[in-house]
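**Q** Below: one structure in structure tokens.
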Number of protein chains: 2
Amino acid sequence: MPSPSPASRRKTGGCPTGCSVEDTLSLIDGKWKIVILYKLLRGTLRFNEIRRQIPAVTQRMLTNQLRELEADGLVIRTVYPEVPPRVEYSLSAKGRSLEPVLLALKAWGDANFGAQAQARAA
Amino acid sequence: MPSPSPASRRKTGGCPTGCSVEDTLSLIDGKWKIVILYKLLRGTLRFNEIRRQIPAVTQRMLTNQLRELEADGLVIRTVYPEVPPRVEYSLSAKGRSLEPVLLALKAWGDANFGAQAQARAA
DNA sequence: GCACATAGTATCGAAAAGGATACTGTCAGG
DNA sequence: CCTGACAGTATCCTTTTCGATACTATGTGC
């Protein structure tokens with residue numbers, strides 16, 4: 001089964017011309033998804049760790065985007081039932097397969113936005 | 001100067017952690033930009049040719065997105081002062097340099113949305 | 001008892017994005 | 001004369017997105 005339950009908030013509609021591109025875009029739209037995926041590329045992170053890495057995102061948005069990413073099968077959410085609650089997020093195989101896209105994006109950004117971005121690159 | 005006038009509708013804000021990725025995203029957000037760029041990858045197109053290739057986009061949106069792409073230096077708009085007006089859109093060098101990103105996106109989409117999209121691929 | 005940390009929810013409201021529809025002006029075809 | 005194609009504008013309205021703020025529950029440290 002290629003697309004089990006896309007959880008797509010944006011309907012793709014008819015999609016008359018070949019547009020797996022559009023389908024893909026519907027999974028990674030939202031202002032933060034790609035950044036989150038990119039951060040997760042280097043390893044599992046906890047909720048507040050992500051928050052600290054992306055200070056501009058609000059708690060609501062982060063929860064939101066993470067839930068959508070989870071629903072789309074791109075990230076895995078693991079809850080440890082401890083008492084200071086602990087939740088870890090990591091990429092699924094599907095999420096990890098986006099790596100070429102993420103890296104291409106990063107490479108283009110570095111090439112087109114100069115060195116100041118490169119210098120800061122975490 | 002690496003980024004002359006990004007025409008960015010979305011402010012990037014401080015961008016404290018390395019995020020040329022975010023900068024890049026601000027250029028290609030909007031529901032249609034990537035699809036437009038993708039279509040343009042195979043050559044120059046006129047306004048209504050693009051419309052026909054992406055039937056779901058409205059005239060207003062198409063104008064809009066094309067203008068933003070032009071402002072960001074990704075596409076070139078050439079007006080021929082003829083009397084059935086003729087306007088051609090093509091990728092700039094900068095736009096063309098996005099090719100790896102677009103192809104990575106397409107490849108991922110094809111791999112993750114099954115064969116029906118591949119079959120239709122223009 | 002109070003504050004802090006964790007990982008969130010809930011609610012409100014502003015702003016932006018996107019869609020529908022109608023209109024422009026000129027020329028060619030019938 | 002009427003219609004259609006071209007490449008848009010202009011206007012209005014709905015939907016979606018995003019942000020701010022306040023709140024939950026639990027345990028630890030002071």
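**Q** Taking every residue in B:57-70, how many Cβ atoms of other protein chains lie within 10 Å of its Cβ, on average?
**A** Per residue, the average neighbour count from other chains is 0.
**Q** Follow-up question, since we're still on this one. Would you work out the charge dipole size for the stretch A:13-98 about its Cα centre, treating the Cβ of every Lys and Arg as +1 and the Cβ of every Asp and Glu as -1, and quote it to the nearest 20 debye?
**A** 400
**Q** I've got another one for you. At 1.4 Å probe size, what's the solvent-accessible area of A:Val79? Round to the nearest 10 Å².
**A** Taking all protein chains as shown, A:Val79 has close to 80 Å².
**Q** For the pairs A:Lys39/B:Lys94; A:Lys39/B:Lys39; A:Lys31/B:Lys31, flag any whose C-alpha to C-alpha distance is greater than 23 Å.
**A** Cα-Cα > 23 Å for A:Lys39/B:Lys94; A:Lys39/B:Lys39; rest within.
**Q** Just to make sure I understand: if all protein chains stay in place, what is the order of B:Thr24, B:Thr44 by accessible area at 1.4 Å, largest first?
**A** B:Thr44, B:Thr24
**Q** Sticking with this structure for a sec: Once ligands and nucleic acids are excluded and a 1.4 Å probe is used, how much of B:Lys39 is accessible, expressed in Å² to the nearest 10?
**A** 10
**Q** Just read off the accessible area of B:Glu22 with the full protein assembly in place, 1.4 Å probe, to the nearest 10 Å².
**A** Roll a 1.4 Å probe over it and B:Glu22 shows about 40 Å².
**Q** Order A:Thr63, B:Thr58 by their accessible area, 1.4 angstrom probe, all chains in place, largest first.
**A** Ranked list, largest accessible area first: B:Thr58, A:Thr63.
**Q** Specify which residue in the list A:Trp32, A:Ile50, A:Thr63 is farthest towards the positive end of the charge dipole of the stretch A:21-96, using unit charges on the beta carbon of Lys, Arg (+1) and Asp, Glu (-1), about the Cα centre.
**A** A:Ile50
**Q** State the extension gain, in nm to one decimal, for the chain segment bounded by B:Met61 and B:Glu99, taking 0.36 nm per residue of separation less the distance between their alpha-carbons.
**A** 11.4 nm
The values are calculated or read from the model by the stated rules, or taken from the named source; none is laboratory data. Everything quoted here is computed from the prediction, not taken from an experiment. Cβ: placed from backbone, ideal geometry, glycine included. Neighbour counts: every protein chain shown. Ligands, DNA and RNA are stripped out before the accessible areas are found, and what is left, the full protein with its side chains, is counted by its heavy atoms. Shrake-Rupley method; radii C 1.70, N 1.55, O 1.52, S 1.80 Å.
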